[in-house]
Structure formats: structure tokens, C-alpha cells
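The values are calculated or read from the model by the stated rules, or taken from the named source; none is laboratory data. Bear in mind the structure is a predicted one, so any value in this text is a computation, not a measurement. Cβ coordinates were reconstructed from backbone atoms using ideal geometry, including for glycine residues, and neighbour counts include every protein chain displayed. Ligands, DNA and RNA are excluded from the accessible area calculation, which covers all protein heavy atoms including side chains. Shrake-Rupley method; radii C 1.70, N 1.55, O 1.52, S 1.80 Å.
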Amino acid sequence: MSQFSHRWFNQITDIDTTIWQRFFHDTPFTDHAFLAALEHTGCVSKNTGWQPMHLAIYQQKHIVALLPGYIKYHSYGEYVFDWAWAEAYQQHGLDYYPKWLSAVPFTPIEGQRLSINHPNPDSVYNYLTQVLTNTAHDRQWSGWHINFCHQQQAESLKSDAVMLRQGVQFQWFNQAYSHFDDFLDSLTARKRKSIKKERVKITQQHITIEWREGNTISAQDMQLFSHFYSQTYIKRSGHTGYLNNAFFQRLRDTMPTQLVLMLAKQADEVIAATLSFKDKQCLYGRYWGANDEIDSLHFELCYYQGIEYCIANKLKQFHSGAQGEHKISRGFQPVYTYSVHHIQQPDFAAAINDFIARERQHMALYEAQCDTLLPFKQQ
């Protein structure tokens, strides 16, 4: 008989905030307030294809591990792409959805997904794997997945039945720069000149950038940002985005000290904005929006201003989101990301495992190639 038991929770507020926060403190995105904002504003629900189903593991009456989770009815907003897997299921007359996923919705940021407070973590990993696999069988999920977890967690969960998958993102690291020109001095002359040229275009267009943080972010500021966010999504994809104004306003109310809003102004009119998050070590660039396409404004607001902010506030790292080889020439370095996957159907599990093995080789070549494109001077 196992020393552990477990319980599923259909909403984050059923788990005491103090207990949750004791387990999750590595990024703002596993903050109880962030996950609650997603649920309370309808951004995640069965209707949106993200049905909350969080997992707590107990030893006697004490919680020893927590895991945010969702029953998924599609693969939108995940950023670890499994569309080909779902298509293969469909071609064979099988259902890939629902599946269960531990992730932060719409947020490709690495962090703790399973947080453990137990002297023998391996025993918790083993129990968790059993619970998820048995529940997947009982509820007829195609499988279960944990996205953007720490490497150590991914390796601890990996087994013959649990596959480890790698991806690549691009992040900026602060090498104790004292100002932006100090960072530029670390680049080759050609790359330095290119960045200066892009930034000059902003001043030539009489655009200024204003930073607002915490309680200096007004409800009107957030309303305006929400408008930019939805307008940009409409232009790009025809829908208003995954998140709504109520979500952004709730963030302003419940976790203001972790927010950084940057406003781009032209002739005293706000024309674009970004919303980022921060902790003691890192700035996380997350959402962006603008009324119109303006030359170099995206680079300025989403990248260079974030670098400026990290230098000014002595943050060690700037995480600017998923994908984007164009970030390399601007000083963002390739880093690996990790996820784990269990597929119930044996034949598909074998095929996907083969795919992941080949993909891992490709990712290693891709990361090495990206390294050769970095704009830094040779040491």
C-alpha cells in the first residue's frame, strides 16, 4: 500500500493560497494569483479548452507535492507543439483529445511544474507517474504531458513510459553591464551598428518610452494595453487573443509588484505597449500590442527596453518568450527547454518516441548553429 494519496482540484481557489505559495515561488506564472486570474476571468475553462484539474499529493493529511494541470481539448496556447501527433491519431480514427497537461496556460516559460516538499522526491515522482497513467486510462485521455519544466524534473520523470522532449528558446543574460552602451560594447562592430541604427529610427519618429510599475499602473493604462493586445491578435490571427481585459485588470489588482508596463508615446499619444513580469532575478517579456506597424518599434519595445530595464534594475536575465531567431543578432542566446510526455496507446507511443529521438538530434544541431550566429566579440 502506498504511503501517498492524492486529490484533484477543479479550481485553484480550492487550494489554500498560503499552502500553494509555499510550494511555488520560482516564477510569477505559477503564482496562485496568476492562475486564479486565468480562471476567474474565463480565460481558462472547459469552454476555452483548458479545464482546470490541479493535482495535490498527500502523505497522511499533509500536502507534499502540487501540480497545476488542465484537461485539454485542443493544443492551442501550449508552445510545445504536438499537432502532428493529434493529426496522426485522427488519421487512424482515434481521439487524441482530451489529454491532461501540466503547464501555465499561454505561457512558454520554464519553471516548477511539480513542486515537492518531501525528503524522498523520487518516491513522489514514482507515485505521480502511477496516478497520472492510471487516471489517463480510467478517463480515456490519450496521455499526459508536463510542459516547460526544469531539466532536473524532466530527467527525474523520464522512464521507458515517459518521454523527454527538448526545445530551444532565446534569452538574454546580464553580464554585469552598467548601461546599454556597455552591452553594445560586447558586440561585434557590425551588430552594434545595426542595433544603434534601429534605435535611432525610434528617436527620429519622435517616439518615447515610459516605464510604469506596480501601483503606478492605472486601470486606464491596463485598459489601453488590453486594447492593443486584442487589436494585434485580430490583425495577426482574426481573433482577440487568449486573454481579456478582465484578466489584465485582475493582475493589476492582485499582483501589481510583479508587473512592468512599457508605453510607447508619439506626440503624447500612446501608440503601443508591452506588459512584462518580474521576479528578483528575471524579467519576463510576455504581451505586446500596437495600433499600427511602425518601423523598429517592436524591436525597441519588446527587446531593447527589456534589456535596458534589466541593466537598470540589476536583473540577471531577460526571458522574451518563445521562438524567434531574429533575437540572436540582438544578443539573445539559445537555451534548451524540457517537457515530458506519456502516450497511452503503445504503437503511437513507440512512433512518437522515435520522432522525439530524431527531433533531439535536430535540436542539438540547431542550438549549435544558433551559437555560431551570436553577435558577441570573440573572447
(request) Above 24 angstrom, tally the Cα pairs of region 129-279 and express them as a % of all pairs, no decimals. (result) 61
(message) If each residue of separation counts as 0.36 nm, what is the full-extension length gain between T13 and Q220 once their alpha-carbon separation is subtracted?
(response) 71.8 nm
(request) Treat each spin label as a single point 7 Å out from the Cα along the C-beta direction, and report the S194 to L365 distance in nm. (result) 2.4
(request) Would you mind checking the pairs K201/K235; K197/K278; K191/K265; K196/K327; K197/K235 and listing those with alpha carbons more than 18 angstrom apart? (result) K201/K235; K197/K278; K191/K265; K197/K235
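Before I look further, what does region 123-267 give for accessible area per residue, probe 1.4 Å, in whole square angstrom? Provide the component values of the computation, followed by the final result.
Working: 7030 Å² over 145 residues.
Value returned for region 123-267: 48 Å² of accessible area per residue.
Using helices alone, I'd like the mean residue ellipticity at 222 nm for the chain: each DSSP H run of four-plus residues gives -39500 (n - 2.57), total over residue count, nearest 500.
Estimated from H runs of four or more residues: -11000 deg cm²/dmol.
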(message) Tell me the angle of helix 121-139 to the major Cα principal axis of the chain, expressed in degrees between 0 and 90 and rounded to the nearest ten.
(response) 70
(request) For Q140, put the label point 7 Å out on the Cα→Cβ axis and report which residues of region 95-129 keep their amide N under 16 Å from it. (result) 95-100
(request) List the relative contact order of the chain as a percent without decimals, with contacts defined as Cα pairs under 8 Å and 6+ residues apart. (result) 20
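Taking 0.36 nm per intervening residue step and subtracting the Cα-Cα distance, what contour gain separates Q3 from W83 on full extension?
25.0 nm
Which of rounded, prolate or oblate describes region 301-361 when judged by the alpha-carbon gyration tensor and an a/c cut-off of 1.5? If you can, show how the numbers build up before the last one.
Details: a/c = 4.17, a/b = 2.97, b/c = 1.40.
Prolate is the answer for region 301-361, as a/c is 1.5 or above and a/b outweighs b/c.
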(request) Could you check the simple spin-label distance between E269 and N244, using points 7 Å along Cα→Cβ, in nm with one decimal? (result) 2.9
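Note down the relative contact order for region 1-78 as a percent, whole number, built from C-alpha pairs under 8 angstrom at least six residues apart.
Working: 106 pairs, mean separation 26.2, N = 78.
Computed value for region 1-78: 34 percent relative contact order.
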(request) With a 1.4 Å probe and every protein chain kept in, tell me what percent of the accessible surface of region 82-155 is carbon plus sulfur. (result) 43
(request) Using Cα centres only, tell me the gap between region 60-96 and region 337-363 in whole Å. (result) 14
(request) Would you list, by chain and number, the aspartates and glutamates whose Cα falls below 16 Å from the Cα of K158, excluding same-chain residues fewer than 8 positions away? (result) D122, D354
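For a test of the definition: using alpha carbon positions, the gyration tensor, and the 1.5 limit on a/c, classify the chain as rounded, prolate or oblate. Before the final figure, lay out the partial values.
Values: a/c = 1.79, a/b = 1.51, b/c = 1.19.
It comes out prolate by the Cα gyration axes.
Rank M363, M262 by accessible area, highest first, at a 1.4 Å probe radius? Can you show the working numbers first?
On the way: M363 35, M262 5 Å².
Solvent-accessible surface, decreasing: M363, M262.
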(message) Per 0.36 nm of contour for each residue apart, how much would the distance between D160 and Y73 grow if the chain were fully extended, relative to their Cα-Cα spacing?
(response) 28.7 nm
(message) Less than 20 Å from a label point 7 Å out along the Cα-to-Cβ axis of Q231: which backbone N atoms in region 204-221 qualify, by residue?
(response) 205-212, 218-221
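Taking the radius of gyration and the Kirkwood hydrodynamic radius from Cα positions alone, what is the Rg/Rh ratio for region 234-317, to two decimal places?
Details: Rg = 13.7 Å, Rh = 14.0 Å.
We get a ratio of 0.98 for region 234-317.
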(request) Specify the inter-centroid distance of region 267-314 and region 1-52, based on alpha-carbon positions, in whole Å. (result) 28
(message) If R₀ is 25 angstrom, what is the calculated FRET efficiency for the pair R22 and Q60, using the beta carbon separation as r and rounding to 0.05?
(response) 0.90
(request) At 1.4 Å probe size, with no ligands or nucleic acids counted, give the accessible surface of D347 in Å², nearest ten. (result) 120
(request) At 20 °C and 1.002 mPa s, grab the translational diffusion coefficient of region 72-182 from Stokes-Einstein with a Kirkwood Rh over Cα pairs, rounded to a whole number in µm² per second. (result) 132
(request) Express in Å², to the nearest 10, the accessible area of E39 obtained by rolling a 1.4 Å probe over the protein heavy atoms while all chains stay in place. (result) 30
